[in-house]
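Asker: Below you will find the structure I want to go over with you.
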Amino acid sequence: MPEENSGGGAGHGDGGDIYNVRAAEILANEALLLPINEAAPIYEKLLATFPTAAKYWKQYVEAYMATNNHEATKQIFSRCLLNCLHISLWRCYINFIRRINDKRGSEGLDETKKAFDFMLNYVGNDAASGPVWMEYINFLKSMPAVTPHEESHRMTTVRKVYQKAILVPTNHVEQLWKDYENFENSVSRTLAKGLLSEYQPKFNSAKAVYRERKKFIDDIDWNVLATPPTGSYKEEQQCMAWKRLLVFEKGNPQRIDATTANRRVTFTYEQCLMYLYHHPDIWYDYAMWHAKNGSMDSASKIFQRALKAIPDSEVLKYAFAEMEESRGAIQTAKTIYESLLGENASVTSLANIQFIRFLRRTEGIEAARKYFLDARKSPSCTYHLYVAYATMAFCVDKDAKVAQSVFEAGLKRFMHEPGYILEYADFLCRLNDDRNVRALFERALSLLPPEESTEVWRRFAQFEQIYGDLSSMLKVEQRRKEALSRTSEDVLSASENTLHDIVSRYSYMDLWPCSSKELDYLARQEWLSKNIFKKVDKSAMLNSSSMLDKGAAGFSASARLLPQSAKVVRPETSQMIIYDPRQMKGPEFAATSSGYTKEVEDMLKVLSPMMVSFIKNLPAIEGPSPDIDVVLSVLLQSTLPVAQSAGKAGGVSELSGIGKAGLNQNGSVHRPPRERRKDVERQGVQEEEDASTVQSRAAVPRDIFRLRQIQRSRGLGVGAAAAASQSGSSAFSFSGGGSAFSGDHSASTD
């Protein structure tokens, strides 16, 4: 999961990274070499940091088991078993129970049987629990039975355990089924037939589910330690692997009853939390899964465990309080909110706001007002508290007078906050109190420094566009330009009117008085006008539209309202190279004395003569190289003529007009001139006709139907076709031999 820190053993417990995995491994290895009295403090330190590390618990408890300290061993098991559902730790537990009860007779056997039942109740759904089921069954079979009643009871118990075991998709489910078949047949073949036919489909389902389950389990690393999220790639892969397994189990692929399926999901969540102990989303999903299934008490317990594991998680506390409030546990929810207020001073404002809303929902207006009056006296109080309470009074209590009083009270403390000014202005706009809105803007702008008043000016201009006339709108726009020009290096250009201002004034929501292309042009011109007296390199000019000041002219401040094309970051076109295949040099090859490159010469040696001829006739390729696999697949699906002699291939090469000099130095085939290419094509057609004639003569059928077909295609009589069949071999020999010297011999033989 997390990346191991390279801090050696010094990083663990000295104020550094307490979740240093490498340091923890070093400490654990050191503890193995120490007596248990000296190793115990080390184990306690490790397990305080990694409380779900089953391997450390197992190592710790085995150290006490080696000294036969049974009481200390039992105490450790009681601390770790229910939080670490790891099969190796639980097998260590059952071995300990069997050892201490081995010589206690029937009482010891009963204790061991209870321990097995306890173990399988918690980890019996583990994919690796097959050996535990088999061990339990063998233990039950070995129990003494004196009377027939005891024997019958033992057999019934063994049968029930078998029937449970074969329903669990484990790594030994097939072996368990074979053992169950043998068991039933050894008891009663008549009874076995009915029971086996009943459980056969259930076993098949468990076997199939195990195969699918194993695919998800194999992606999980079972040796990592639980650390807070680091965002590493391995950690994210483990999170996704666990979530895939959880989705698989929630889908109930085995179609078992709801109770058993829920127990299996619960087991998977518990195992997941052994490794993702510090991940709040896993805890939340686990709690919400319980709540969705109607078990609110279980969900509450999960949240309590989550806050113990991640005590600083504010979001988990809000989720816990919300769940408790939703089910009517108001006092519990209030306690959670109070813990938020008392523990984390950095989020006091948010906690106060959420608590006020909670009080308003559960206890009424007066309780919320009383708490607000106390909370606003805090030195850490921010303007958000005033805005939240005033908004609640206006929207929930429907009391505009109280809301305006709260805003006015907050104005005395937060006049320097542009955010508070804008919220108050929005509230007054809801009241249609345009006179007080103008007074608020004027008052705020007289106090705010120019560099902090950009957004206030923009909203003032926007307000005049809606509530004012053209004269007031233009006046505010001009004042805004003059005020903001003080923060600009170029005062002249900042105070001038531009077409950009018209676009800003006459746009509405996502409607614009020009096209996206025109918006891009205007944005670019706006940037150029700001840099008109500066020396700007070419790359900066090409990317000017992505470097706009979003506060300029009130136009780009609301970037989310711009059409998409106006927000595109343009590529660096000055560095681009126009594609030209003539500039693409091929690989460097060393030419041999024969004119071929060495690589091509080696390739031609291992090919057949017909393939050599085919390659030499390939045209030159300009541009991207073809996909070799596709070319080979096409060639393999094509039927090529079979060469009868080596001379034939050589003749074709010479007839084609392309010899050894037809290959370029880089291995490509030289394209012949146009006139020569036409001759080559005509000769190639003639060769194909000759080849088809030779092949047909070599195997003329004796069937009269086939002879008539040949007669129609060649214009020969039946007798002539028969004569051809008799002299086919000699004609073929002549044609094959003649083709090595001249292309006309083959044509004349017909």
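The values are calculated or read from the model by the stated rules, or taken from the named source; none is laboratory data. The structure presented is a predicted model; accordingly, all values stated were derived computationally and were not measured. Here the Cβ is made from the backbone with ideal geometry for all residues, glycine too, and neighbour counts use every protein chain on show. These accessible areas exclude ligands, DNA and RNA; they are computed on the full protein's heavy atoms, side chains included. Shrake-Rupley method; radii C 1.70, N 1.55, O 1.52, S 1.80 Å.
Asker: Can you tell me which residue within region 503-540, out of those that are acidic (Asp, Glu) and at pLDDT below 85, is nearest to residue 461 (Cα to Cα)?
Answerer: 526
Asker: Test residue 427 against the criterion of being more than 24 Å from residue 333 (Cα to Cα) and not small (Gly, Ala, Ser), and give yes or no.
Answerer: Taking the combined requirement at face value, the residue satisfies it.
Asker: Select, from 367, 291, 329, 306, the only residue that is among the small types (Gly, Ala, Ser), crowded, with 17+ Cβ neighbours inside 10 Å and either more than 25 Å from residue 80 (Cα to Cα) or touching a Lys or Arg at 6+ places or on another chain (Cβ under 9 Å) (or both).
Answerer: 291
Asker: Please verify whether residue 333 is within 30 Å of residue 249 (Cβ to Cβ), assigned to a helix (DSSP H, G or I) and not charged (D, E, K, R), treating the condition exactly as stated.
Answerer: no
Asker: Of 206, 192, 127, which residue is in contact with a Ser or Thr (Cβ under 9 Å, 6 or more places away or on another chain), open to solvent by less than 70 Å² (accessible area, probe 1.4 Å), assigned to a loop (DSSP other than H, G, I, E, B) and of a type in the set (A, V, I, L, M)?
Answerer: After ruling out the rest, the residue left standing is 127.
Asker: I need every pair where a residue in region 414-433 that is without any contact (Cβ under 8 Å) to a residue 60 or more places away in the chain has its Cβ under 7 Å from the Cβ of a residue that is among the β-branched types (Val, Ile, Thr), sequence separation at least 6 or different chains.
Answerer: 418/456; 420/387; 421/456; 422/456; 423/387; 425/437; 428/437; 429/437
Asker: Which one is least open to solvent (accessible area, probe 1.4 Å), of the residues in region 373-403 that are outside any helix (DSSP H, G or I), touching a residue at least 24 places away in the same chain (Cβ under 8 Å) and within 16 Å of residue 361 (Cα to Cα)?
Answerer: 397
Asker: Only one of these conditions is not met by residue 1: (1) more than 25 Å from residue 232 (Cα to Cα); (2) of a type in the set (A, V, I, L, M); (3) at pLDDT below 90. Which number is it?
Answerer: All conditions are met except number (1).
Asker: Taking into account only those residues within region 213-247 that are charged (D, E, K, R) and open to solvent by less than 50 Å² (accessible area, probe 1.4 Å), which is nearest to residue 262 (Cα to Cα)?
Answerer: Per the criteria, the residue is 213.
Asker: Looking for something in a loop (DSSP other than H, G, I, E, B) and touching a residue at least 24 places away in the same chain (Cβ under 8 Å) - is there at least one such residue anywhere in region 337-348?
Answerer: Within region 337-348, one or more residues are in a loop (DSSP other than H, G, I, E, B) and touching a residue at least 24 places away in the same chain (Cβ under 8 Å).
Asker: Just to be sure I understand the filter: pairs with C-beta atoms under 8 Å, separated by 6 or more residues or on different chains, first member in region 17-37 and under 15 Å from residue 64 (Cβ atoms), second member open to solvent by 70 Å² or more (accessible area, probe 1.4 Å) and hydroxyl-bearing (Ser, Thr, Tyr). Which pairs pass?
Answerer: Once the first residue is under 15 Å from residue 64 (Cβ atoms) and sits in region 17-37, its partners that are open to solvent by 70 Å² or more (accessible area, probe 1.4 Å) and hydroxyl-bearing (Ser, Thr, Tyr) give 36/67.
Asker: Related question: Restricting attention to region 89-110, does a residue exist that is surrounded by fewer than 21 Cβ atoms within 10 Å (Cβ to Cβ) and either in contact (Cβ under 8 Å) with a residue 60 or more places away in the chain or at positive phi (or both)?
Answerer: The answer is yes; a qualifying residue exists.
Asker: Additional query: Where in region 246-321 are there helices (runs of 4 or more DSSP H), lying wholly inside it, with at least 3 residues that are out of contact with any helix residue (DSSP H, G or I) (no Cβ under 8 Å at 6 or more places or on another chain)?
Answerer: It comes to 258-275, 296-309.
Asker: Looking at 337, 420, which one is out of contact with any His (no Cβ under 9 Å at 6 or more places or on another chain) and either over 30 Å from residue 468 (Cβ atoms) or open to solvent by less than 20 Å² (accessible area, probe 1.4 Å) (or both)?
Answerer: Residue meeting the stated conditions: 337.
Asker: Okay, next question. Look at region 59-88 and say how many of its residues are in a helix (DSSP H, G or I) and open to solvent by less than 60 Å² (accessible area, probe 1.4 Å).
Answerer: 14
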